[in-house]
1. Can you give the FRET efficiency for W410 and A141, using 1/(1 + (r/R0)^6), R0 = 41 Å, r = Cβ-Cβ distance, to the nearest 0.05?
2. Taking neighbour counts of Cβ atoms within 10 Å as a proxy for exposure, in what order, fewest first, do D402, D134 appear?
3. Under a Cβ-only charge scheme (Lys and Arg +1, Asp and Glu -1), can you give me the dipole magnitude of the chain about the Cα centre, in debye to the nearest 20?
4. Over the chain, with a Gaussian network built from C-alpha contacts below 10 Å, which listed residue (G97, G250, G140) shows the highest mean-square fluctuation?
5. Round to the nearest 0.05 the FRET efficiency obtained for A417 and T320 when R0 = 25 Å and r is the Cβ-Cβ distance.
6. May I ask you to give the average projected area over all directions of the convex hull of the Cα atoms of the stretch 22-211, in nm² rounded to one decimal?
7. Just to be sure I understand: with springs between alpha-carbon atoms less than 10 Å apart, which residue in N53, N335, N354 has the highest mean-square fluctuation in the Gaussian network model of the chain?
8. Quote the relative contact order of the chain in percent (integer), defining contacts as alpha-carbon pairs under 8 Å separated by 6+ residues.
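Read-outs throughout are calculated quantities, based only on the coordinates presented, and are distinct from any laboratory measurement. As the structure is a computational prediction, the values presented were derived from the model and not from experiment. Positions of Cβ are generated from backbone atoms using ideal geometry, with glycine treated the same way; all protein chains shown enter the neighbour counts.
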Amino acid sequence: MLAIDGPPAKATIIDEKRRRRGATHDTLGHTLTLDGIHAYALGTHTCNIGNDNLLWGNQHSGTPVVGFNAFRLENNRLVQVGMSWAKHGTGAAAGPGCGLPCNGQGGSVLGIGCRDVYGSGFNGLQSILGPRSDVNAWTGALLPAPGGSNTEITRRLQIKETDLDAAQHPDALYFVEGVYVALDDAGIFGNANNNASYRRVTVGGDFSLTTVDTTQVSTPAIFAWEDHGNGLNMPDPLVEVKTLQLGFEGRVFVAARAAEVGGGQWRYDYAIFNLSSDRSIGGFRVPVALGATVSDVGFHDVDYHSGELYDNTDWTTNVTPAAVEWTSPQSFDENPNSNAVRWGTMYNYWFTANASPDLGLAHLTPFKPGTPEVIAVSVRSPGVIIACAADLNDNGAVDFADILEIIAAWGPCTACAEDLDASGDVGFGDILQVIAAWGPCP
């Protein structure tokens, strides 16, 4: 696994790497600015705390890579405000400092028990930063970094000054995150799902970033919403974070918050973070009770930059009597580079409704075709919802008996109860829906 840690440092971020390993962080040094956008680089300390050497460097197309992210938490909402290209590994040191004996192997591998240290200056070299679109986060397959550079901010962790301005965001908390992808860690050993860590940073008057507190190892930054949602070190009990597996490919996290805002109105906030799915997320649907009135529908994503081929067009929104839906501007068949929740990114969705929360089954639609076609997750949503559509035998719980109901109805069907993912067939995707809703029905 990968983790991040280290002493407070000026203008820094965290990163991690993993597979039988753990990582820490280091420093940045100064802020680069162009056209109201600030760019940062982050130092890293990486420990291999597993039982096998980790492939490293140019001999292996630059594996591992790490993408850096930045987040802002204010008014009980966490949003991603910045991202970098993927920094490629070059060569590993074989130093101590991981709390384990180092086997002394470095260069093309990071040895068992050994620590590798990259300063922020090195991690910010544009020649070793490659597009995230060249990386498959689930298999670990990647292309070498293309080399070259452009402006001072190209490819580095970019954040708009307006997203950091204390006058506009006086009570905001900020966090940075590192997400690692390693060829053998993901593709060979199947350890792609614990490679994100986050740490809090403060913003200086010159927009420099300083790391504070400790790194939350192997914990994606989406959990900062739960951990600090009511202020620094003040958890928000209204935030629920759930972990989903996209079939046999990739992991995503879904966070939800429902809060009364007065006048019979409730604000519903959702966030989706894609840790390791190459299929990505192209649609999100939240059920709404019939008769409820929905307003103030919103969406927030983070912009790709520096020539990255992914489109930044905002998702479309559709409000029906039964749901609020957000969809990528184009399908995969129409445009493989359409805006989707790809690895190492978090998108936000929200609305207000005049109905109190109950448990409902939200649907996530993967962007790239495959199985399952839809993933269900139980979240707080407006009004009296059929929270247990997966309770097919009506025994008050979603359990193995419901899987047997699906097996009995296996095959093509039209509007049948067992077709939980609305695919037109009763099959494995519906079993995944049962697993997602597993447990007692409220």
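1. Details: r = 34 Å, r/R0 = 0.82.
Computed FRET efficiency for W410 and A141 comes out at 0.75.
2. Numbers: D402 26, D134 20.
Least to most surrounded, the residues fall as D134, D402.
3. Roughly 1340 debye, rounded to the nearest 20.
4. So, out of G97, G250, G140, the one fluctuating most is G97.
5. Working: r = 21 Å, r/R0 = 0.83.
Step by step, r from the Cβ atoms, then E = 0.75.
6. In nm², the orientation-averaged hull projection of the stretch 22-211 is 10.7.
7. N335
8. Answer for the chain is 13 percent.
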